[in-house]
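*Asks:* Here it is, the structure, as C-alpha cells.
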Amino acid sequence: MPDRRTLEEASREVTAERAHDAQPIVMERAPGEAVVETLPPAAPALATPFNEAALALAARGRSPSEIIWLKLRRNRTAMLGLYILIALYLAAVLAGFIAPYKYDDADHDLPFHPPMITRIHLVDEQGKFSRPFVYGISPVSGEHATYNEDRTKKYPLRLFIKGSRYHILWLIHSDVHLFGVDEPGRLFLFGSDIVGQDIFSRILYGAQVSLSIGIFGIIISMLIGMTVGGIAGYFGGVTDFLLMRGVEALLAVPSLYFILILRQMFGTGLSSMQLYLIIVIILAFIGWATEARVIRGMVLSLKEQEYVLAARALGFTDARIIIRHILPNTLSFVIVTASLSVPFYILGEVVLSFLGVGIQEPEASWGNMLSAAQNPRYLSDFPWVLAPGVFIFIAVMAWNFLGDGLRDATDPRTLS
Amino acid sequence: MRTFLIRRLLAAIPLIIFVTFFTKAMLVLSPGNFLDELRLRPNISRDYLERMEQKYHLDSKNVFERYWYWLKPAMGGDLGDSFITAAPVTTLIGQRLLNTLMLTGAALVFSWALAIPLGVLAGVYRNRWVDKLCSFISFFGLSIPGVFFSLLLILFAAKTGWFPVGGIHDQINWDYMNGWQRLMDTLWHLVLPTIVLGTLGMAQYMRQMRSEMIETLSQDYIRTARAKGLSQRRIIFRHALGNAINPLVTLFGLSLAYLLAGALVTEYIFAWPGLGTLVYEALRDKDEPLVMAAVTMLVCMLVIGNLIADLLLAIIDPRIRLE
C-alpha cells in the first residue's frame, strides 16, 4: 500500500523534526514479555524486545485500528493510564453523586479540619465491630482550627443518603448521594479548606473543570492546527510562508507570558462560565501552533501522492481534497499528539487559576484549590490542602502514559 | 560566521516587531487603564487625570497609533518610564533580568549536570536497575506539575527548616553580611527554585540522552572500536558521548522558551524577584511601558539563547558549518 508507506516516512520526518519527542527505533519498550507464552515463539533472528514476529502473526487480517488496539493492550503502562483516566473522567461526570457535599457548601466553624479518612472507625467503645462510623467534631475553644473527636456523638456512614440537589450533565437531577453522614455530623474525607468546605467534594467538582478543559482545549486547537497546517502545506507559496512565520512567532514566546497577556485583555469581573470559555480559547489559541507545524510537514509529503493527483484529475475541489483525502491520513499522528498535549491544557488551567486569573471561588478547580497553599504557614500546618495537586499529578501522568503508549502503538515501524 | 550572525539578528527584527505589536494590541484592547484606580480617589483632580491620559496617549484606542508612540522612542533605545513608579523601565528591569538569568542558568546547569551522566548510565546499562531508576525519575519529572512540586518543596522546607521558603536573600541579616556570606545566602535561596525549574528539563534531556546513547552504541564504528580492543570507558567517553550529545544541544535551544515560561510560575511561588513576577505585577497594574519592555527583553533573550545553541552545535559538531 503506497500511501501507508509514505505516511510512515512522513512520521519519521516528523519525529526527526521534533527532536525532543524522538524515540529510538523499536528498542525503547519491551511490553512483549508477558505475551510470548501465549503466542507462537518468534524466530530467533527476529528476537527483538518487541517480538515483532508474534505480533505480526496476531495482527494478520486485522484493520489498522484493531492492530493499534492490540499493540496498546500489551503495553501495561499505557493501559494503566487508560484505566486511571476512565476512572477520573467518570468521577468527574458523577461528581454530584459521589461527592457528599456541594462544592460551595461551607461550614465556617470548621476551617482546616484534618482528613477524616483515617478516622473512620470500625470498632466502637465497647470494642465491638460495628458498621463504619465517624465521631462528631468538637472545635477546641479559643484555638484556631484545632479539633477533638466528640465521642458522645456517633454518625454511621450511610450509603445512598439524601443531601443537596445536584445534576449529572444537566440530564439527571437528584439529591441522592453515594455516601455521607447524617446532619449535623460532617464527613471531611480529605479534610476541609479555609472556609470549611469539603476538599474531597471540591476535588470531584474541580475535576469537571480541570479535566474537561483539557479535552475541549485539545479539540479546538487540533481543529485550528489541522486547518492551518493543511492549508499551509497544500497551497504552499506565500500562504505557507506567512502562516508559518506566524506559527514561529507564537512558538518563540514563552507560552505563559502570552497566556497572561491574552488573559488581561478580557479584564475582570466575569462569570464562571465566561472565565471557563476564555481559558479554553486562550489555551487553544496558544496550543495549535506546534500541531500546525507538524501537520504541514506531513501534508507537504502527502500531497505528492498519486491518489491526490488522481483526486485532482477527477476535478475535486481543493477543500474536498484536503478534508477528505489528505487530513484523514494525518489522523493517527493527530490522536497521538492530542493525548500527549492534554497535560498542557490541564496545567494551563491550573497555573491560571493558581495565579488568581482563572476559575474563581467559590467555583472549584484544582488550580484555585491549590492557591490556598500559597501561604507557607497554611501549607505547613494543614498540608492536606495539597490534595488536589496529587490529582493533577495523577491525571498528567496518566495522559503521558496513554500518549506514550499510543505513540508506540501507532508507530508503523514496529510492525511490517 | 559573520554573515550567519548578521542574518540571524536581522531575522529577529520581524519577530520582535510581531510580538511587541501583538502585546501592545492586547494591552490597548483590554478594558481600562492604569488610571482607573486613581480615578476612584476623590483627591485627584479630573484635570490631572486628563493631562496624564494625554501625556501617555491613553485617550486613543487606535492600536497602530499607540504602537507607533511606543516604537518611535524604543528604536532609539528609550523604552519609557513606568506608569506606576515613574522610574525608567530599564532600571526596573535590570536587576530582575539578572535574577531571572541566575535562576534559569542554575536550572540549566542542574538539569544538564544530572541528565547527561544519568542518561549515559541508563543507555549503557540498559534494562538494569540504573536504567529503571532513571526511567522512573524521568517519568516523574515529566509528569509532576511545577506548581505542585514547588509547594511540596516549600512544605519540605517549612517542616525541616533546612531551606528558606521563598525570597532571594535573607531579609534581616542581608545588610550585615560580607560578600562571601551574601553569595552563600543567595545560593541557599536558589536551591529549591532551581530544583523545580530544572526537573522538567532534566527528565527530557535524560530520556533523550539515553536513547541517543543506545542508538550510538549500536553503530558500526563502536563495534570497530570494540574490536580494536579499546576499553569500555574509552569507547563511551571518547567515541560515543561526543556523537550522542549533539541532539541535546538542539534541545537546549528549544527548551529555552519552556524554561522562561516555567520561571514565571516558579518565581511567583518562591517570591523570587525576577522578570516573571515583574510581568505578572505589571500586567495586573496595567503598567504598559513595563510590560512592553519586559516582553522585548524576553524575546531578545530567546533570540540570543537560540543563537548560542546554534553556535554551540557548530563548535561541538565539526560537520555543521554556519553560513
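*Asks:* If you take the residues of the range A:354-386 that are aliphatic (A, V, I, L, M), within 18 Å of B:Ala157 (Cα to Cα) and touching a residue at least 60 places away in the same chain (Cβ under 8 Å), which of them is surrounded by the fewest Cβ atoms within 10 Å (Cβ to Cβ)?
*Replies:* My answer is A:Ala372.
*Asks:* Pick from A:Arg245, A:Arg324: which is surrounded by fewer than 20 Cβ atoms within 10 Å (Cβ to Cβ), within 11 Å of another protein chain (Cβ to nearest Cβ) and either over 17 Å from A:Ser353 (Cα atoms) or not hydrophobic (A, V, I, L, M, F, W, C) (or both)?
*Replies:* Numbers: A:Arg324 fails: within 11 Å of another protein chain (Cβ to nearest Cβ).
Testing whether each residue is surrounded by fewer than 20 Cβ atoms within 10 Å (Cβ to Cβ), within 11 Å of another protein chain (Cβ to nearest Cβ) and either over 17 Å from A:Ser353 (Cα atoms) or not hydrophobic (A, V, I, L, M, F, W, C) (or both) leaves just A:Arg245.
*Asks:* Suppose we filter A:Ser201, A:Ser272, A:Ser221 for residues that are in contact with a Lys or Arg (Cβ under 8 Å, 6 or more places away or on another chain) and in contact (Cβ under 8 Å) with a residue 40 or more places away in the chain; which single one remains?
*Replies:* A:Ser201
*Asks:* If you check every pair at least six apart or on different chains, which have Cβ atoms under 6 Å apart with a residue in the range B:241-263 that is within 22 Å of B:Leu118 (Cα to Cα) and assigned by TED's automatic domain parsing to the domain that holds B:Gly105 first and a residue that is at pLDDT below 80 and part of a loop (DSSP other than H, G, I, E, B) second?
*Replies:* Cβ pairs passing all conditions: B:Asn246/B:Asp317.
*Asks:* For B:Val191, all conditions in the list (1) among the hydrophobic types (A, V, I, L, M, F, W, C); (2) crowded, with 18+ Cβ neighbours inside 10 Å; (3) within 25 Å of A:Phe354 (Cα to Cα) hold save one; what is the number of the exception?
*Replies:* So the condition that B:Val191 fails would be (2).
*Asks:* Then there's this: When the range B:83-95 is examined, which residues are found to be at pLDDT below 85 and either polar (S, T, N, Q) or surrounded by fewer than 16 Cβ atoms within 10 Å (Cβ to Cβ) (or both)?
*Replies:* Matches in the range B:83-95: B:Thr85, B:Ala86.
*Asks:* Could I ask something else about it? Would you please name the residue that is farthest from the chain's Cα centre (by Cα), looking only at residues in the range B:198-253 that are acidic (Asp, Glu) and facing chain A (nearest Cβ under 10 Å)? Before you say what the answer is, go through the steps one by one.
*Replies:* Keep residues of the range B:198-253 that are acidic (Asp, Glu), which gives B:212, B:215, B:220.
Still in the running and facing chain A (nearest Cβ under 10 Å): B:212, B:215.
Working: B:Glu212: 25, B:Glu215: 30 Å.
Among those that are acidic (Asp, Glu) and facing chain A (nearest Cβ under 10 Å), it is B:Glu215.
*Asks:* Also: What number of residues within the range B:268-302 satisfy the criterion of being more than 11 Å from the chain's Cα centre (by Cα) and either aromatic (Phe, Trp, Tyr) or more than 22 Å from B:Lys72 (Cβ to Cβ) (or both)?
*Replies:* Number of matching residues: 14.
*Asks:* Let me ask you something else. Looking at the range A:251-275, which of its residues are aliphatic (A, V, I, L, M) and more than 9 Å from every other protein chain (Cβ to nearest Cβ)? Please lay out each step first, then the result.
*Replies:* Here is the first cut: in the range A:251-275, the ones aliphatic (A, V, I, L, M) are A:251-253, A:256, A:259-262, A:265, A:270, A:273, A:275.
Listed by number, the residues that qualify are A:Leu270, A:Met273, A:Leu275.
*Asks:* Kindly indicate whether any position in the range B:97-118 is surrounded by fewer than 21 Cβ atoms within 10 Å (Cβ to Cβ) and in contact with a strand residue (DSSP E or B) (Cβ under 6 Å, 6 or more places away or on another chain).
*Replies:* No, the conditions are met nowhere in the range B:97-118.
*Asks:* Do we have A:Leu379 as at the interface with another protein chain (Cβ under 10 Å from one of its Cβ atoms), part of a helix (DSSP H, G or I) and farther than 28 Å from A:Leu82 by Cβ here? Don't jump to the end; show me each part of the working.
*Replies:* Working: at the interface with another protein chain (Cβ under 10 Å from one of its Cβ atoms): yes; part of a helix (DSSP H, G or I): yes; farther than 28 Å from A:Leu82 by Cβ: yes.
It is true that A:Leu379 is at the interface with another protein chain (Cβ under 10 Å from one of its Cβ atoms), part of a helix (DSSP H, G or I) and farther than 28 Å from A:Leu82 by Cβ.
*Asks:* Considering only residues that are free of Cβ contacts under 8 Å to residues at least 12 places away in the same chain and within 30 Å of B:Thr85 (Cα to Cα), which ones fall in the range B:276-323?
*Replies:* Once the filter is applied, which keeps residues that are free of Cβ contacts under 8 Å to residues at least 12 places away in the same chain and within 30 Å of B:Thr85 (Cα to Cα), the range B:276-323 yields B:Glu281, B:Leu283, B:Arg284, B:Ile304.
*Asks:* Please specify each residue of the range B:20-66 satisfying the condition of being closer than 17 Å to A:Leu262 by Cα and either more than 14 Å from chain A (Cβ to nearest Cβ) or assigned to a helix (DSSP H, G or I) (or both).
*Replies:* If the condition is that a residue be closer than 17 Å to A:Leu262 by Cα and either more than 14 Å from chain A (Cβ to nearest Cβ) or assigned to a helix (DSSP H, G or I) (or both), then B:Thr20, B:Phe21, B:Phe22, B:Thr23, B:Lys24, B:Ala25, B:Met26, B:Leu27, B:Val28, B:Leu29, B:Val63 are the ones that fit.
A quick yes/no check of all residues on (1) among the hydrophobic types (A, V, I, L, M, F, W, C); (2) crowded, with 18+ Cβ neighbours inside 10 Å:
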{"position": "A:Trp69", "(1), (2)": "yes, no"}
{"position": "A:Arg74", "(1), (2)": "no, yes"}
{"position": "A:Ala78", "(1), (2)": "yes, yes"}
{"position": "A:Leu94", "(1), (2)": "yes, no"}
{"position": "A:Asp109", "(1), (2)": "no, no"}
{"position": "A:Arg119", "(1), (2)": "no, no"}
{"position": "A:Glu125", "(1), (2)": "no, no"}
{"position": "A:Ile137", "(1), (2)": "yes, yes"}
{"position": "A:Gly142", "(1), (2)": "no, no"}
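The values are calculated or read from the model by the stated rules, or taken from the named source; none is laboratory data. Predicted model only: the values in this text are computed from it and were never measured. Cβ atoms come from the backbone with ideal geometry, glycine included; neighbour counts cover every protein chain shown.
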